[in-house]
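Enquirer: Got a structure here, written out as structure tokens. Questions coming.
The values are calculated or read from the model by the stated rules, or taken from the named source; none is laboratory data. Given the structure is predicted, the values throughout are model-derived calculations rather than measurements. Cβ coordinates were reconstructed from backbone atoms using ideal geometry, including for glycine residues, and neighbour counts include every protein chain displayed. Side chains are part of the model used for accessible areas, which takes the heavy atoms of the whole protein and leaves out ligands, DNA and RNA. Shrake-Rupley method; radii C 1.70, N 1.55, O 1.52, S 1.80 Å.
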Amino acid sequence: MKLAASLTLLAVAIFATTSANAQLAGSRPDTTPTTHPIPSIQDTETPAQKDARMAWFREARFGMFIHWGLYSIPAGEWHGKRTTHIGEWIMNDLSIPVADYKALAPKFNPTGFSAHDIVALAKSAGMKYIVITAKHHDGFAMFDSKADSFNIVAATPFHRDPLKELAEECRKQGVKLGFYYSQDQDWTAPGGAAYKTNDHQPPTFHWDKAQDGDYATYLRTKAIPQLKELLSNYGDYPVIIWFDTPTKDMTPELASEVVALLNKYPKLIWNNRLGGTYKGDTETPEQYIPAQGYPGRDWESCMTMNDTWGYKSFDTNFKSTETILRNLIDIASKGGNYLLNIGPDSHGIVPAPEVERLQQVGTWLKVNGEAIYGTTSTSFGPEAGAFSPTEVDKNGKPKFVSTWNWRSTTKANKIYLEVFNWPSAAFHLEKVTRKVTKAYLLADPTHKSLKLTQTSSTLDIQLPSKALDPIATVVVLETN
Ligand code: GLC
């Protein structure tokens, strides 16, 4: 009897985990608490303190990522050789010697750069915060750094600090500012980490002797001093530090030296890419939207508008405004943020296709923003799609097959339905757990009531024959 009992228990446990894993394949972050050499704010703060610190981020939902640097000069091509990979990786992909790459700095003079225009563009797009690459993997600092002279003020004819100008404009225009910092990879500093694309775990791979050196020394003499400059020279900014590509070099001990600095900024938000077992505040799915978000974790899906982060003159494979806007809605319906990238060129100009799409998204958000900002995830779920009983994804896990008819976001007394595929008959809802008192179209300035038929768990909404917006028309359900 005893054996049978324990076997059933075991079976239940396995089933529970596998189905949960299957159900959330690929999207459950490992939140097992880890003991850190130095506890981070995430290890010490109370849930209420966390909620207060993350409140603006959860309200914001939509931000601008800016990848801009020396790599915008070759723009994907070096001495006639084009790279098929993301533009900011050209030095690594083509194994460009350090001296040759550094020789780009005297040629970098982006006089077309206007912090006012870029912040105004983000604002007109409905974006609430900006994260710009302060230093990318190539090691070039896009700010005034006393810690290292390979920077835009000291090493270029431009002699201006774009981060300082952006910080001033963000303050003026009420947009928050964060900094991306490649803490681990640095292809021009001796000892900086480097590896070949998407092969994150090998020991550092250097292609030029000038890159050789001690990693801990690089961290202590360049990365940490520059993080200090970024955290203390721009007033109440940054609100976010966006780390990237952690490698084995970043041991828990070395990472804790960075954390000791971050802990001095208790409001700061930083992502899950520092390394050294520190999980940070946010999951950062890149170039994809997780099937069902990350329940219980803050997350931010970062995405390019074409196929590159850094500017490439010949990459014209831009997503449509429809795709971008439905991505934003899909991400919000799963409780996440959308960090959408722009890649200014070497003059500091934002490519026209990116400006156009952002302005079109902004036009929609001006009318429908209340269905995105400050909302929480859907109270339904099956509308996003389902795991295929037969197909598997590249990790061998059940493949999630998205459906794109509608999404939903939630507020205390409102449920929003973002309808993509306008139904010819009444819009039917199952598992409606709240009493709906009124329904109307958000884009209808009169908020004329729509006819409703509600039972204990279903709701039918009589919609007008035509959608008000072909990309997404929002139906508001007032509830009590
Ligand atoms: C990857 C790329 C990096 C890019 C980042 C954006 O880590 O290596 O170039 O900045 O994604 O998420």
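Enquirer: What residue among 92, 106, 63 has its Cα farthest toward the positive end of the dipole of region 47-117, where the charges are +1 on Lys, Arg and -1 on Asp, Glu, each on the Cβ?
Expert: So the residue we want is 63.
Enquirer: Averaging sequence separations of C-alpha pairs under 8 Å and six or more residues apart, then dividing by the length of region 147-257, give the relative contact order as a whole percent.
Expert: Rounded, it is 33 percent for region 147-257.
Enquirer: Restricting to bridges with both residues inside the chain, how much of the DSSP beta-bridge set is antiparallel, in percent to the nearest 5?
Expert: In the chain, approximately 50 percent of DSSP beta bridges are antiparallel ones.
Enquirer: Quick one: how many Å² of residue 465 are accessible to a 1.4 Å probe, rounded to 10?
Expert: 110
Enquirer: Using unit Cβ charges (K, R positive; D, E negative) and no other charged atoms, how large, in debye to the nearest 20, is the dipole of region 334-388 about its Cα centre?
Expert: 120
Enquirer: Would you mind counting up the charge near residue 74? Only other residues with Cβ under 15 Å from its Cβ, with Lys and Arg at +1 and Asp and Glu at -1.
Expert: -2
Enquirer: Related question: Using only Cα atoms, find the angle between the long axis of helix 115-124 and the longest principal axis of the chain, and express it within 0 to 90 degrees, rounded to the nearest 10.
Expert: The angle comes out at about 10 degrees.
Enquirer: Let me ask something else about it. Out of 392, 349, 243, whose Cα points farthest toward the positive end of the dipole of the chain (charges: +1 Lys, Arg; -1 Asp, Glu; placed on Cβ)?
Expert: Checked the options; the winner is 392.
Enquirer: Would you please name the trypsin sites (Lys or Arg not before Pro) within region 356-438 that are DSSP coil residues with at most 12 other C-beta atoms within 10 Å of their C-beta?
Expert: 394, 431, 435
Enquirer: I've got another one for you. Taking only C-alpha pairs under 8 Å that are 6+ residues apart, what is the relative contact order of the chain in percent?
Expert: 16 percent.
Enquirer: Would you mind counting up the charge near residue 225? Only other residues with Cβ under 15 Å from its Cβ, with Lys and Arg at +1 and Asp and Glu at -1.
Expert: So the surrounding residues net to +1.
Enquirer: For Cα pairs less than 8 Å apart in space and 6+ apart in sequence, what is the mean separation divided by the residue count of region 203-321, i.e. the relative contact order in percent?
Expert: It rounds to 16 percent for region 203-321.
Enquirer: In debye, nearest 20: dipole of region 226-291 around its Cα centre with unit charges on the Cβ of K, R (+) and D, E (-)?
Expert: Around 120 debye, computed over region 226-291.
Enquirer: Treating only the Cβ atoms of Lys and Arg (+1) and Asp and Glu (-1) as charged, compute the dipole magnitude of the chain about its Cα centre; round to the nearest 20 debye.
Expert: The dipole magnitude comes to about 1300 debye.
Enquirer: What does the charge add up to near residue 327, with Lys and Arg as +1, Asp and Glu as -1, over the other residues with Cβ less than 14 Å from its Cβ?
Expert: +1
Enquirer: Can you find, among 126, 437, 215, the residue sitting farthest towards the positive end of the charge dipole of the chain, where Lys and Arg contribute +1 and Asp and Glu -1 at Cβ?
Expert: Result: 437.
Enquirer: Ignoring ligands, DNA and RNA, please state the percent of accessible area on the chain from carbon and sulfur, probe 1.4 Å.
Expert: The C+S portion of the solvent-accessible surface of the chain is 58 percent.
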